[in-house]
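Following: one structure in structure tokens, then a few remarks.
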Amino acid sequence: MLNNTIMKRISTMILVLATTVVAMGQNNWKDENLRYGMYLGPIKAGEAELITRNVTYNGEKAVQMDLIARTTSAAEKIFSLNDTLTTIVRPDDSSPVYFQKHCFEGDDIVREKVNFSKDSNGKCVAEMTKYYKDGHVREVTETSNTLVYDMVSVVGFARTIDTKDLKKGQRMNFKLVDACDILEESLIFQGWETLKISGRKYNCMMFKLVEPYEEKGKKKDREILNIYVCDDEARTIVQMDIKFKVGTAKAKIII
């Protein structure tokens, strides 16, 4: 069985790929259902369904995305997950107003929710709640001068980056809620690469998603994903790669 950190990265890969098409039309969201797959070596490791609906939330127009991600039976001996994530975002800028996560990852059961708002000074407020298996509830409220994203709404951030002036190695920093913490994450532009998927060529921008950390007083980056974003109008994410000790996981878009 893989450890929880690896399983969380795999589920992140599935949900990022699943939200890629939905995020492209921030002012023209359509109700739709999408399905995607992910492979760990030759094994079809997981599949995901994303249901997108235009809704009304607290009297305002909003978009709700429900993501259901699960491992296939062939992958159960290696790792297991059954995740349901719900995010509600503002349709004009993809900024989140509510996020909920209910996951079974190996032996771990995760239930979390976040309410996003702004205070009187315009700062972002994230009210985070985590429910534990033993009945304990942890509640934390954090305030940030910059926008805070959840695991799904961050895709909108990644796909609205102005790339015309990007230089190789340039970092774009953002904040991400995780459990009852706010993490500092970074996207690093790696340059351009041409990929061939199912006989079709894609001219792609390559980004590396990393978590900065310190070790013995030195700043380092923990690599999470390599993301390939096509230079089409939709900024379609066509492939993501992540390396584990047990092999390499790849997720590829099917259009």
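The values are calculated or read from the model by the stated rules, or taken from the named source; none is laboratory data. All of these numbers come straight from a predicted model, not from anything done at the bench. Quick reminder, even Gly has a Cβ in these numbers, built from the backbone with ideal geometry, and neighbours come from all protein chains shown.
Scanning the stretch 116-139 for residues that are closer than 20 Å to C103 by Cα and of a type outside the set (F, W, Y) yields E127, M128, T129, K130, K133, D134, G135, H136, V137, R138, E139. The number of residues in the stretch 194-209 that are of a type in the set (D, E, K, R) and at pLDDT 90 or above comes to 1. For the stretch 14-45, the set of residues classified as at pLDDT 75 or above, surrounded by 12 or more Cβ atoms within 10 Å (Cβ to Cβ) and not hydrophobic (A, V, I, L, M, F, W, C) consists of Y39, K44, listed by residue number.
Just wondering, is there one or more residues in the stretch 155-170 that are free of Cβ contacts under 8 Å to residues at least 40 places away in the same chain and within 20 Å of the chain's Cα centre (by Cα)? Yes, the conditions are met somewhere in the stretch 155-170.
With respect to the conditions (1) modelled with pLDDT under 90; (2) assigned to a loop (DSSP other than H, G, I, E, B), I68 lacks only one, and its number is (2). Once the stretch 156-188 is narrowed to residues that are under 13 Å from L209 (Cβ atoms) and either assigned to a loop (DSSP other than H, G, I, E, B) or small (G, A, S) (or both), the residue that is modelled with the lowest pLDDT is A158.
Return only the number of the condition from (1) out of contact with any strand residue (DSSP E or B) (no Cβ under 7 Å at 6 or more places or on another chain); (2) among the small types (G, A, S); (3) closer than 27 Å to D181 by Cα that G59 does not satisfy. In the conditions (1) out of contact with any strand residue (DSSP E or B) (no Cβ under 7 Å at 6 or more places or on another chain); (2) among the small types (G, A, S); (3) closer than 27 Å to D181 by Cα, G59 misses (3) alone. Quick check on the stretch 46-68. Is at least one of its residues surrounded by 16 or more Cβ atoms within 10 Å (Cβ to Cβ) and over 18 Å from the mean Cα position of the chain (by Cα)? Yes - at least one qualifying residue is present in the stretch 46-68. Within the stretch 71-86, the only residue that satisfies the criterion of being part of a strand (DSSP E or B) and among the charged types (D, E, K, R) is D83. Considering (1) more than 20 Å from L40 (Cβ to Cβ); (2) at pLDDT 80 or above; (3) among the charged types (D, E, K, R); (4) surrounded by fewer than 16 Cβ atoms within 10 Å (Cβ to Cβ), the lone condition that E233 does not fulfil carries the number (2).
Please work out which residue is farthest from D31 (Cα to Cα), limiting yourself to the stretch 71-85 and to residues that are surrounded by fewer than 18 Cβ atoms within 10 Å (Cβ to Cβ) and out of contact with any His (no Cβ under 7 Å at 6 or more places or on another chain). This residue is K77. Checking the stated criteria, G191 turns out to be in a strand (DSSP E or B), modelled with pLDDT of 75 or more and on the phi > 0 side of the Ramachandran plot.
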